[in-house]
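So the structure is just underneath, and the comments pick up after that.
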């Protein structure tokens, strides 16, 4: 395979959050699909990164650790794809632990709410669906998936999990203003995911979307997704325009969820409409190196 033909996927989910493949299984699938690299970007969770990294090395493909972070920004919920960070960095660890505490809170109450809706569910029945020993909202989702209530996972959130989260006052997320600098401190880069969705800037005019993304960029956002499976031609053109005008870092991915979103294929998206060049992975690595070096300079300046 020539360098120009190498393809990657920088937006991928495992069963650590709401995908159906193990982290190691994704590495194997990526090689089988002919990809040269991928990033694991589970929702608000990095628990699968080490497993995926080891498996990618064994499969002979590149890997970038990642996470799709949920943030609040101007009364909207956004998803930020975070890539290449050092998970051991103290400020990142502090932010991550706070976030995980929220995501793992009141699990018994969420289960009770769902049971009151007539679903056969209990803490004991959910436990086997936890990744490791931790029961979180995604463990509940995986149990609900096993009941075959729907052919997609999204209605489980719409009808059961999200209403429970709102009722129990758990809809609390890190702000973009706080999160973006912390990812930089950890040597990582940040990219706005699917700007066109409700978890994004859907409903705003193009001028309003441009202004909002520019404000995020001024707060430290590095880039945005140039490729996404259900972009319209106009969405894709707008993403390209923003990336060129403001020199944003281009990223992209399929938002692969395996059987929980069966129409989307790893690396190729919806009916082969995705082809993310290897240069994007190289660009992410270069930006991570730059952020890491800038943070080192800041630390050295404080020490002096």
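The values are calculated or read from the model by the stated rules, or taken from the named source; none is laboratory data. Only a predicted model underlies this, so the values are computations on that prediction, with no experimental measurement involved. Positions of Cβ are backbone-derived with ideal geometry, glycine not excepted, and every protein chain shown enters the neighbour counts.
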| Identify, please: which residue in region 158-173 is at negative phi and assigned to a loop (DSSP other than H, G, I, E, B) and is, among those, farthest from the chain's Cα centre (by Cα)? | 168
| Considering only region 252-303, how many residues are at pLDDT 95 or above, buried (at least 19 other Cβ atoms within 10 Å of the Cβ) and in a helix (DSSP H, G or I)? | 6
| field | Hey, residue 302 without any contact (Cβ under 8 Å) to a residue 60 or more places away in the chain, touching a strand residue (DSSP E or B) at 6+ places or on another chain (Cβ under 7 Å) and over 30 Å from residue 149 (Cβ atoms) or not | value | no
| task | Please go through region 78-117 and pick out each residue that is surrounded by fewer than 18 Cβ atoms within 10 Å (Cβ to Cβ), in contact with a helix residue (DSSP H, G or I) (Cβ under 7 Å, 6 or more places away or on another chain) and more than 30 Å from residue 212 (Cα to Cα). | result | 108, 117
| request: Can you work out which of the residues in region 199-221 that are under 18 Å from residue 245 (Cα atoms) and assigned to a loop (DSSP other than H, G, I, E, B) is modelled with the lowest pLDDT? | output: 220
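Given the structure, is residue 20 more than 21 Å from residue 252 (Cβ to Cβ) and free of Cβ contacts under 8 Å to residues at least 12 places away in the same chain? Before you say what the answer is, go through the steps one by one.
Numbers: more than 21 Å from residue 252 (Cβ to Cβ): yes; free of Cβ contacts under 8 Å to residues at least 12 places away in the same chain: no.
Taking the combined requirement at face value, the residue does not satisfy it.
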| said: Looking only at region 133-157, how many residues end up being closer than 20 Å to residue 257 by Cβ and in a loop (DSSP other than H, G, I, E, B)? | reply: 8
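Which is in a helix (DSSP H, G or I) and outside the structural domain of residue 150 (by TED's automatic domain parsing), of 242, 224?
Just a single option satisfies the conditions, and that option is 242.
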